[in-house]
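Here's the structure we're looking at; comments come further down.
Values in this text are rule-based calculations from the coordinates and carry no lab data. The structure displayed is predicted, hence computed values, not measured ones. Neighbour counts are summed over all protein chains in view; Cβ atoms, including those assigned to glycine, are modelled from backbone coordinates with ideal geometry.
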């Protein structure tokens, strides 16, 4: 007769033997990753250990593997956008802010003398808002002035409509709107001291949300340069620009490869939609299905839609060659901070060069 506990013990051992071991993590381990980052960071950078820890944590907290490619991607953007400064100074920011205020006052139909009168009022720190604007050196400082102005002055809500004009910030110059949306989708791993907006201007927060924007989505790219373009132009912009190039071939119509498939609001048809609709009969797609597929260009999986597949198939048949599935969007960059002609392609290529140099340096140190 078998002992009563033997059967249970045998079952437990059997189940234990069938349990799958945890999947080995991809990329470098924490110690290796931080050591690799330190080999690349500038020698004179203050708190290099802190930067290394926060760069690795930005990936680890989002389950993004700490591969050399990913680590260097984050560092390349941070180097390009801020020179590894959590809250970089912007030359002439006070003057830039005044020009933006005047532009918004004109757009809102608010007399500038009324705006100046409101900005002459004392702010929470004692100085007037105008004095604080004149003294700002960084976007964090300017953002805090506008936050105070919106909260304390009635005209602030009317004039700015509760929208802080400072839209990007931190070491990777990530979109604050993106960071706020991301924090709703995935819990922020650090203590939220004041707001997501203010976290963007910190080293840890700026790197965390920047890494999410750069790497935290699936994209059909074989080269990192297209992610860098997307970081500047919006997710999947490079995939969409390649589709627009193919659409121009298929339709014979001019289509600007800017990555935007439907005009904002969708009230009017843009050139991309008009070109696609001109192919409806040849593609065997209805107008409704074309518009539906174009709407999927703002997310993952557009490359699997009937519209995308048939446009490429028809264009390649006409052109007798395989067309690229990713292309650098053709976009001129406009911002109060930009004083010369810059494009998304310029940004992507600059970051890609930094990425390549980083990959050359991040390898294991030589012996001897």
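Here are a few things to note about the model shown:
- When peptides 279-292, 220-233 are sorted by average Cβ neighbour count within 10 Å, with the highest value leading, the order is 220-233, 279-292.
- Option label - Rg and Dmax of the Cα atoms in Å computed here, alternatives (1) 25.5, 99; (2) 19.2, 61; (3) 20.9, 79: (1)
- Calculated on alpha-carbon atoms, Rg and Dmax of the range 225-319 in Å: 12.3, 36
- Take every Cα pair under 8 Å whose residues are at least 6 apart in sequence, average their separation, divide by the length of the chain, and the relative contact order is 18 percent.
- Estimated [θ] at 222 nm from DSSP helical runs (n ≥ 4, -39500 (n - 2.57)) normalised by residues in the chain, nearest 500: -17500 deg cm²/dmol
- Taking 357, 34, 320 in turn, the Gaussian network model of the chain (Cα-Cα springs below 10 Å) assigns the largest fluctuation to 320.
- A simple packing score, the average count of other Cβ atoms within 10 Å per residue, orders the peptides 104-113, 269-278 as 269-278, 104-113, with the highest score first.
- Sorted peptide list for 140-148, 125-133, criterion being average Cβ within 10 angstrom, highest first: 140-148, 125-133
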